[in-house]
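The values are calculated or read from the model by the stated rules, or taken from the named source; none is laboratory data. The structure displayed is predicted, hence computed values, not measured ones. No Cβ is skipped: glycine too gets one built from the backbone with ideal geometry, and neighbour counts run over all protein chains shown.
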Amino acid sequence: MSKRKGMSAEDKRTALLGMYHASKTVYTLQEVEKEGPKTGVVRSAVLDVNQQLVDDGLVETDKIGSTGYYWSFPSKRVQNVSLQSSSLEEEIKSETAELAETHKKIKVVRESRVVSASRDAQLKQLLSLKQEIAALEGQVEVLKENDPEEVARQTAMVDMCKSAANRWTDNVLELRSWLVKKKGMSSKEAVNTLKQMGVPENLEYLD
């Protein structure tokens, strides 16, 4: 004759919880111990299983005087599921919002990199113009006393280069303004973003 297979821990919990839901009755601990075995849970395990259900919030308990009372109605399980569902929904909303913010930051960085090619060209041109101006001004100093016409020509060249350098400075400042107005950055964030790309924080116009 084969030995009867015992109930699993989850089967015991389901069986005892089913007793509460089917009867919709409030039990004393002694009544739980008496009625529990009728569900198939061995008597020695009834109180332990009942306590597990209490600990998990599936069975309510209260003490009046020296007597403890236990109950669980089907609506309690539905309520627990609903609360868990609401909690998960809030967590999903939070994670979704955080993910959207991350995507937004990534988009800003990518778009900033798109304009970085133009920005690099501007910076190189600006640097080149400033170097050329320095060289021309040096030549002017040398020629001042020797050739008035050459001085005039070199001075005009310096003025032209200064004008070009200031236009490039305008372009860089316009890029900073674009990051603030179009990408929602603060002025400080825009300055720091361009600074990471090699743009000096303080840009000055040439006189």
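Only one entry of S82, S112 meets the criterion of being part of a helix (DSSP H, G or I), modelled with pLDDT under 70 and either closer than 30 Å to E10 by Cα or touching a strand residue (DSSP E or B) at 6+ places or on another chain (Cβ under 7 Å) (or both), and that entry is S82. Within segment 8-28, the presence of at least one residue that is at negative phi, at pLDDT 70 or above and loosely packed, with under 10 Cβ neighbours inside 10 Å is confirmed. Based on this model, can you work out whether E35 counts as in a helix (DSSP H, G or I) and under 48 Å from the mean Cα position of the chain (by Cα)? No, not satisfied. Identify, please: which residue in segment 174-207 is assigned to a helix (DSSP H, G or I) and β-branched (V, I, T) and is, among those, modelled with the highest pLDDT? The selected residue is V180. Scan segment 55-77 residue by residue and report those that are under 37 Å from the mean Cα position of the chain (by Cα) and not charged (D, E, K, R). Across segment 55-77, the qualifying residues are G57, L58, S75.
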